């Protein structure tokens, strides 16, 4: 995996991508994260826990195609203003990664789309 910018990466066919989420500063409020790969009907399964979600998928699209991960980071009404999600993205043979981003309660966009462009071999 090679970072283009925080929401776009070059990946290889059959590469395993891992997205780990760490909720921070939630106090007693519950975090809630959902991720969907390519179509909004099939969510990515969380292989971690609700308090430390982990999402994985294998790149299966052909060269010059794009996998899209649709995200939704929720904040309950009682979550502190300092609440945030730290997102770490990694793959095999990372170049300059693991990478990622942070989504804060005060951010306007709480559902960024992450793109994984499959490079030609």
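With the simple model of a label 7 Å out from the Cα in the direction of the Cβ, residue 25 to residue 95 spans 3.5 nm. Every pair of different Cα atoms in the chain enters the Kirkwood calculation, which places the hydrodynamic radius at 14.7 Å. Ordering 64-73, 41-50 by mean Cβ neighbour count within 10 Å, with the highest value first, yields 64-73, 41-50.
Available extension along the chain between residue 4 and residue 74 is 22.6 nm, counting 0.36 nm per residue and deducting the alpha carbon span.
Highest average first, the peptides 94-100, 29-35 ordered by how many other beta carbon atoms sit within 10 Å of their residues are 29-35, 94-100.
Only beta bridges with both residues in the chain are counted; by DSSP, about 85 percent of them are antiparallel.
Taken together, the values in this text are just the output of simple stated rules run on the coordinates, not laboratory data. Note that this is a predicted model, so its numbers are computed, not measured. Every residue, glycine as well, gets a Cβ built from its backbone with ideal geometry; the counts of neighbours run over all protein chains shown.
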